[in-house]
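The values are calculated or read from the model by the stated rules, or taken from the named source; none is laboratory data. Everything numeric here is computed off the predicted structure, so don't read it as measured data. Cβ placement follows ideal geometry from the backbone for every residue including glycine, while neighbour counts extend to all protein chains displayed.
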Amino acid sequence: MTHRDLTIAEVLKDPLIRQVMRADQISVTGMANLLQDAARRQALASSANLAPIAHAAARAVPQADLR
């Protein structure tokens, strides 16, 4: 089975995500801006070869097991 990330458009249309956005009082425009900014930062980090540093920092933070 293969996994792929959702596109921003798919995220904004997802019913569960929309419910969470409603509960958190986040507008579609606000969420779209947040996701676009995150994508832009990720692209910059990748192009500057900073992605390994970001992944190392993420590993330092304990992660909850959501399985």
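Would you check which residues across the range 1-16 are without any contact (Cβ under 8 Å) to a residue 12 or more places away in the chain and assigned to a helix (DSSP H, G or I) and list them? So that I can check it myself, show each step before the final result.
Within the range 1-16, the first condition is being without any contact (Cβ under 8 Å) to a residue 12 or more places away in the chain, and the residues that meet it are 1-7, 9-10, 13-16.
Once the filter is applied, which keeps residues that are without any contact (Cβ under 8 Å) to a residue 12 or more places away in the chain and assigned to a helix (DSSP H, G or I), the range 1-16 yields A9, E10, K13, P15, L16.
Table: residues versus (1) under 14 Å from the mean Cα position of the chain (by Cα); (2) surrounded by 11 or more Cβ atoms within 10 Å (Cβ to Cβ); (3) at pLDDT 70 or above.
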site	(1), (2), (3)
V11	yes, yes, yes
L16	no, no, yes
V28	no, yes, yes
M31	yes, yes, yes
R40	yes, no, yes
L50	no, yes, no
R59	no, no, no
R67	no, no, no
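Residues being in a helix (DSSP H, G or I), free of Cβ contacts under 8 Å to residues at least 12 places away in the same chain and of a type outside the set (G, A, S): count how many of those fall in the range 25-39.
4
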